[in-house]
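Just below is one structure, and these are the notes that go with it.
The values are calculated or read from the model by the stated rules, or taken from the named source; none is laboratory data. Since this is a predicted model, take the numbers as computed values, not measurements. Using ideal geometry, Cβ is built from the backbone for each residue, glycine included, and neighbour counts are taken over all protein chains shown.
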């Protein structure tokens, strides 16, 4: 089989604009800082169970731990593609369980930092894996180091300044990149459509998060929007895991990485 063609320069430029353009706008064009909503820490489901306060929002994180650990185990066995970045992604997902549980045990800005730190690790691992598997494996390690530094800085900057602009970009960058990369770049592994499923589920998770009280009332207290957000976001991670478990190499370069 022939070696995979290098990505078209125009497509790479468009991807760079798609990813970096929003960051430039947030920093230079937005003008005002994005501040944390003071009502963010007020959740619909504040019930205790088994002596655990806010039990629903804590227990619904368990799926992050299960999918994260399953992903870590898979990456240790299968070292094709950007396996280091996928390993970082699943490590971050696993740590979300602990960070989110800590936050929901006593919701405030300080505990929220420990919820967001592992999330940035997961987002930046996903972003690096996506880019390096389509633009070249040599990008992976330097890009992973840089992306993780930006992700961690975004949370620390929010803590120091109260400004969420960089953190907002860290969350948005992979979600903006995935549909374009899947549509515009040749695939080196099969089953990339699972990534689109993951994006769709994460979009539903964000919608559920914004309907925390409404969903809690509509289900007569069965589940809150925030707990549903955890479950939907963890299912998005599961889509990525299933892709990695089932995909096949389509080029010699991909199979030898």
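Scan the stretch 120-144 for residues that are crowded, with 20+ Cβ neighbours inside 10 Å and farther than 20 Å from residue 8 by Cβ and the total you get is 12. For the stretch 145-168, the criterion of being surrounded by 18 or more Cβ atoms within 10 Å (Cβ to Cβ), over 24 Å from residue 28 (Cα atoms) and at pLDDT 95 or above is met by no residue.
A count restricted to the stretch 79-119 and to residues that are part of a loop (DSSP other than H, G, I, E, B) and either touching a helix residue (DSSP H, G or I) at 6+ places or on another chain (Cβ under 7 Å) or surrounded by 23 or more Cβ atoms within 10 Å (Cβ to Cβ) (or both) stands at 3.
The residue that is modelled with the lowest pLDDT, counting only those in the stretch 51-60 that are touching a helix residue (DSSP H, G or I) at 6+ places or on another chain (Cβ under 9 Å) and in a loop (DSSP other than H, G, I, E, B), is 53. Criterion applied to 82, 24, 53 was being touching a residue at least 12 places away in the same chain (Cβ under 8 Å), out of contact with any strand residue (DSSP E or B) (no Cβ under 9 Å at 6 or more places or on another chain) and more than 27 Å from residue 239 (Cβ to Cβ), and the one residue passing it is 53. Restricting the stretch 1-34 to residues that are part of a loop (DSSP other than H, G, I, E, B) and surrounded by fewer than 12 Cβ atoms within 10 Å (Cβ to Cβ), the residue that is modelled with the lowest pLDDT is 1. Consider the stretch 35-53 and keep the residues that are surrounded by 14 or more Cβ atoms within 10 Å (Cβ to Cβ) and more than 20 Å from the chain's Cα centre (by Cα). The one that is nearest to residue 163 (Cα to Cα) is 41. Return the residues of the stretch 192-204 that are surrounded by 16 or more Cβ atoms within 10 Å (Cβ to Cβ) and over 17 Å from residue 232 (Cα atoms); say none if nothing qualifies. Of everything in the stretch 192-204, just one residue is surrounded by 16 or more Cβ atoms within 10 Å (Cβ to Cβ) and over 17 Å from residue 232 (Cα atoms), namely 192.
Considering each of 241, 231, 215, 250 in turn, give the residue that is closer than 26 Å to residue 180 by Cβ and either at pLDDT 95 or above or buried (at least 18 other Cβ atoms within 10 Å of the Cβ) (or both).
Of 241, 231, 215, 250, the one residue that is closer than 26 Å to residue 180 by Cβ and either at pLDDT 95 or above or buried (at least 18 other Cβ atoms within 10 Å of the Cβ) (or both) is 241.
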